[in-house]
Amino acid sequence: MAIDPTRFCINRKIAPALSIEAFFQLVQRLGLSKVELRNDMSSGKVTDDLSVTQLRALTDKYHIEIETINALYPFNRADDALLAKAEALLKEAKAIGAKALVMCPLNEGIAIAPEQTLAAMQKLAPLFAEYGIQGYVEPLGFPVSSLRSAVQTQKLIKQAGVPFKLLLDTFHHHLYENAEQEFPQEIDVNQIGLVHLSGVEDTRPTEQLTDEERIMLSDSDVLNSVAQVKRLEMLGYKGIYAFEPFSSELEKWGAKEIEREIRRSIELLQA
């Protein structure tokens, strides 16, 4: 499989111990340029203690493109507080030059009707349009999630008549028990905005897996992320793949370990 390296992106979740500048330096050393920033790092802020001007100076210095900010949560409970949070994140995304904002559904064991999720998309879409930011909806495969299916997510986006795209995650695809029945025939790869990649070697039952088990790709990956990518390529996906491991183990990784793991994962995908 030959994937153009410009299609690889690094989610900041892989480098919780690094400053933003050190993270950008690492991405540049790998010969890459795309990143995802987050609002759930230890600082609690997308840009840590950097001003917009300082952040943009660093993106210019290291030739970095900010693909997304992760994430607006819970997007499908679109009350006034959520809309205020959305506007603040969209304003920040525009200011720092991020292209998209990721939206995650309620993940607390409370059901939300598809109609409510659809209505939330319709309520949020004008805000995204106002700021010129793309919206990526990421279904979460956890049993407690209110939106688990990638195919259903695409159908709701279409029914809502909004310009959002699906964010597909190989971990969450694996967790959703009906994914393989629905996916091959019904997914529209042209409406996938981004794909998140991670790997899991833990062999506990699927429904017991959590973000803590998410590391990088390997030959022992129970998610079969490499096979998932091969199928996406065969289906004609031409978009970005972002590495997004989650384990607390990452806090112990220095820049060298992170670089090694990213290179190893890319080699597995290019084999």
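The 3J(HN,Hα) values that the Karplus relation (6.51, -1.76, 1.60; θ = phi - 60°) gives for the range 177-194 are, in residue order, 5, 9, 4, 6, 6, 8, 5, x, 8, 10, 6, 10, 5, 6, 10, 9, x, 6 Hz. Gly and Pro appear as x.
Placing pseudo-labels 7 Å out from each Cα toward the beta carbon at Val52 and Glu257 gives an inter-label distance of 3.7 nm. Mind checking the full-extension length gain between Arg204 and Ala17? Use 0.36 nm per residue of separation minus the Cα-Cα distance, one decimal, nm. Result: 64.5 nm gained on full extension. Available extension along the chain between Asp60 and Asp219 is 53.6 nm, counting 0.36 nm per residue and deducting the alpha carbon span.
Tell me, what is the percent relative contact order of the chain, built from C-alpha pairs under 8 Å that lie six or more residues apart?
Values: 515 pairs, mean separation 53.4, N = 271.
Once normalised by length, the contact order is 20 percent.
Restriction of the GluC sites (Glu not before Pro) in the range 193-236 to DSSP coil positions whose beta-carbon has at most 14 other beta-carbons within 10 angstrom yields Glu201.
Expressed to the nearest 5 percent, the antiparallel share of DSSP beta bridges inside the range 5-270 is 5 percent. Across the range 93-107, rounded Karplus estimates of 3J(HN,Hα) from the backbone phi angles (6.51 cos²θ - 1.76 cosθ + 1.60, θ = phi - 60°) give 4, 5, 4, 8, x, 6, 8, 9, 10, 7, 10, 10, x, 4, 9 Hz, Gly and Pro being marked x. Between Asp40 and Gln159, how high is the FRET efficiency from 1/(1 + (r/R0)^6) when r is the Cβ-Cβ distance and R₀ = 35 Å? Nearest 0.05. Taking R0 as 35 Å, the efficiency between Asp40 and Gln159 is 0.75.
In the chain, the calculated helix contribution to ellipticity at 222 nm averages -12000 deg cm²/dmol per residue, counting -39,500 (n - 2.57) for every DSSP H run with n ≥ 4.
Beyond a 32 Å Cα-Cα separation, which of these cross-linked pairs lie in this structure: Lys61/Lys158; Lys165/Lys252; Lys34/Lys252? Flagged as over cut-off: Lys61/Lys158; Lys165/Lys252. Restricting to DSSP loop positions (anything but H, G, I, E, B) with no more than 16 other Cβ atoms inside 10 Å of their own Cβ, which trypsin sites (Lys or Arg not before Pro) remain in the range 177-271? Taking the range 177-271 and a limit of 16 other Cβ atoms within 10 Å, the loop trypsin sites (Lys or Arg not before Pro) found are Lys238.
With all protein chains present, how much of the accessible area of the range 5-270 (probe radius 1.4 Å) comes from carbon and sulfur, to the nearest whole percent? Could you put the intermediate results ahead of the total?
On the way: 5710 of 11390 Å².
About 50 percent, which is the carbon plus sulfur part of the accessible surface.
Express in whole angstrom the spacing between the alpha-carbon centres of the range 57-98 and the range 170-195. So the two Cα centres are separated by 25 Å.
What per residue convex hull volume, in Å³, comes out for the chain when only alpha-carbon positions are used?
Considering the Cα atoms of the chain, their hull volume per residue is 119 Å³.
For the pair Ala95 and Lys230, label points projected 7 Å from Cα toward Cβ lie 4.6 nm apart.
Close amide-amide hydrogen proximity is noted between Leu72 and Val102, Met103, Cys104, each under 5 Å apart and 5 or more residues distant or on a separate chain (H modeled in the peptide plane; Pro and chain starts excluded).
Between Glu130 and Ala111, 0.36 nm times their residue separation minus their Cα-Cα distance comes to what? Please report the intermediate quantities before stating the final value.
Numbers: separation 19, 0.36 × 19 = 6.84 nm, distance 2.99 nm.
Difference between extended and current length: 3.8 nm.
Write out the GluC sites (Glu not before Pro) in the range 62-116 meeting two conditions: DSSP loop, and at most 15 other Cβ atoms within 10 Å of their Cβ. Show your work: numbers first, answer last.
Numbers: sites: Glu65, Glu67, Glu87, Glu92, Glu108, Glu115; in loops: Glu108.
In loop regions of the range 62-116 (DSSP not H, G, I, E or B), the sparsely surrounded GluC sites (Glu not before Pro) are Glu108.
The values are calculated or read from the model by the stated rules, or taken from the named source; none is laboratory data. Quantities reported herein were computed from a predicted structural model and do not represent experimental measurements. Quick reminder, even Gly has a Cβ in these numbers, built from the backbone with ideal geometry, and neighbours come from all protein chains shown. Accessible surface areas use protein heavy atoms only, side chains included; no ligands, DNA or RNA. Shrake-Rupley method; radii C 1.70, N 1.55, O 1.52, S 1.80 Å.
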